[in-house]
Amino acid sequence: MRIGELARRAGVSTRALRYYEQQGLLAARRATNGYREYDESDLRLVTEIRSLLTVGFTLEDARPFVECLRAGNRSGDACPESVEVYRRKLAEIDDQIRTLLARRAEVAAQFAEACPGCALRTGGARS
């Protein structure tokens, strides 16, 4: 399939596909006329990349998942390198949660001091 069809089927732009190629995550074959050619396995790679980006992974984070798929595994997370990326990402998210909870506690304390009679609801709404 050509780049336009892959983009349409994967729900991405052709520009994104060219960028993935530039980053070494996608390898296009060239037809005799110079057009990029892709197959179903490329669609699977792009789908994997997009699903990872959607939940906050970077393109560099996606690399082990892509390599795992290229190695013939049914899933991009079947390899130890991919599992390690999951571990690292979860640790990053846990750190962000701790930071946000500490920040929330500080803001809630300032709010309680500024408005002693005000009730603080979950979600931060005032009553």
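Any read-out appearing in this document is the output of simple, stated calculations on the displayed coordinates, not a laboratory observation. Everything numeric in this text was worked out from a predicted model, so none of it was measured.
Tabulated results
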quantity: 222 nm mean residue ellipticity, helices alone, for the chain (DSSP H n ≥ 4; -39,500 (n - 2.57); rounded to 500); calculated: -20500 deg cm²/dmol
quantity: Overall Cα dimensions of the chain - principal axes, largest extent first, Å; calculated: 75, 31, 21
quantity: Max mean-square fluctuation residue, GNM over the chain, Cα-Cα springs under 10 Å, options 85, 12, 46; calculated: 12
quantity: In Hz, Karplus ³J(HN,Hα) per residue of region 7-15 (6.51, -1.76, 1.60; θ = phi - 60°; x = Gly, Pro); calculated: 4, 5, 5, 8, x, 10, 8, 5, 4
quantity: Longest to shortest principal axis, alpha-carbon extents of region 52-124, angstrom; calculated: 63, 16, 16
